[in-house]
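What follows is a set of notes on a single structure, which appears directly below.
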Amino acid sequence: MFNLDMFFSGDEYPPNVRETKATVALSPSRLPGLDFALNPYQGCSHRCTYCYAPYITRQPVDEWGCIISAKMNLPVLLDRELPRNRGMIGLGTVTDPYQPAERVVNLTRRCLEVLVKHRAKVSILTKSPLVTRDIDLISKLNDSEVGITITAMDSNRATIFEPYSTPPSERLDAMKILSNEGVSVYALIGPIIPTITDFRLDEFLDSIRDTGASIVMVDRLNLRPGMDIRLLKRMKEMDPSSLSILEKYIKDREFYNDIINRIRNLCENRDLEYRDAF
Ligand code: SF4
């Protein structure tokens, strides 16, 4: 299905966004370093080919991102829940809180206003430069951080599996803007994908260091049933010359270990702290 909201520039909701109500705002999180998870949207119109969120939320993979549910009562719930739930809150653990709908719906921004009011600790994860719109609020959050996901440095490579996200260069610019404003920023390199992430890896790490970020997290490819077939199909359509390499290494544990070791060494040489994600 064609993703309409990427091309929506008015001040009304994109046509695939539906208002909904949540029963709770904060859910306990088992992710490392996080106590709670906060996800303003269900569904994500970035529609990355490697996304495993549909498996977590038990949604049909083919329909993921076609309809976006905006949990409009989340700021009110959050205001009620925050006094009795202290700890690090992961904003965007399942879906991207700065996906295109947020430009108009402003739901993540309204949640941030409440988080600032309660002096909460927040870890935001996104692959959208829209996060810089809220720098006024984010910079008021103490002990907080923003992670920007980047799968590859090269725009043409990244587009293969992230057809509706902004180019990596814009994400790097966003990291620089946040960092210059004193916000703690990290790069999440992930998921590692053969022929995508390992392309010009030295330059990739140089670009991250130059943003002022001090931490690099690395995430492995989380292959769920049928995902390898979708990735290979997409590669065949977008870059047939890389198909055989992807086929050869997509399930090769040694390949991933080798890339991770290379990234770890490159981080060391650049005074970047390396961390395994999730
Ligand atoms: S941005 Fe994240 S949640 Fe959205 S489709 Fe991509 S991987 Fe899934």
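Coordinate-derived values only; no laboratory data. Just so we're clear, the structure is a prediction, and the values are computed from it rather than from any experiment. Cβ atoms come from the backbone with ideal geometry, glycine included; neighbour counts cover every protein chain shown.
Net charge within 15 Å of THR151 by Cβ-Cβ distance, Lys/Arg positive one each and Asp/Glu negative one each, not counting THR151 itself?
Numbers: positive: ARG47, LYS127, ARG157, ARG171, ARG200, ARG220, ARG234; negative: ASP96, ASP154, GLU162, GLU170, ASP198, GLU203, ASP219, ASP239.
Residues near THR151 contribute -1 overall.
Over its Cα atoms, what ratio of radius of gyration to 2.2 N^0.38 Å does the chain give? Can you show the working numbers first?
On the way: Rg = 18.2 Å, N = 278, 2.2 N^0.38 = 18.7 Å.
Ratio of Cα Rg to 2.2 N^0.38 Å: 0.98.
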Legend entry - Coordinate range along principal axes, alpha carbons of the range 192-278, Å, largest first: 38, 24, 19
Inset, instruction - Mind putting together the pair-distance distribution for the range 41-87? All Cα pairs, 10 Å bins, whole percent per bin, short to long. - result: 23, 36, 28, 12
Inset, instruction - Using the structure shown, list the pairs from LYS71/LYS127; LYS21/LYS127; LYS127/LYS233; LYS71/LYS117 with a Cα-Cα distance above 22 Å, or answer none. - result: LYS21/LYS127; LYS127/LYS233
Inset, instruction - Sum up the charges of everything whose Cβ sits under 9 Å from the Cβ of VAL122, counting Lys and Arg as +1 and Asp and Glu as -1, but leave VAL122 out. - result: -1
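Expressed in nm to one decimal, what extension gain is obtained for the pair LEU137 and ILE229 from 0.36 nm per residue of sequence separation less their Cα-Cα distance? Present the calculation step by step, with values, prior to reporting the outcome.
On the way: separation 92, 0.36 × 92 = 33.12 nm, distance 4.15 nm.
Taking LEU137 through ILE229 to full extension adds about 29.0 nm, to one decimal.
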Legend entry - Where only alpha carbons of the range 55-202 are counted, the Rg and the Dmax (Å): 16.0, 48
Inset, instruction - Return the distance in nm (one decimal) between the two label points of a simple spin-label model at GLU273 and VAL76, each offset 7 Å from Cα along Cα→Cβ. - result: 4.0 nm
Inset, instruction - State, to one decimal in nm², a quarter of the convex hull surface area for the C-alpha atoms of the range 98-153, i.e. the direction-averaged projected area. - result: 4.0 nm²
Legend entry - Net charge over other residues, Cβ less than 13 angstrom from the Cβ of ARG200 (K, R count +1; D, E count -1): -3
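Set the Förster distance to 22 Å, then compute FRET efficiency between THR57 and ARG253 from the Cβ-Cβ distance, nearest 0.05. Before the final figure, lay out the partial values.
Details: r = 27 Å, r/R0 = 1.25.
FRET efficiency, THR57 to ARG253: 0.20.
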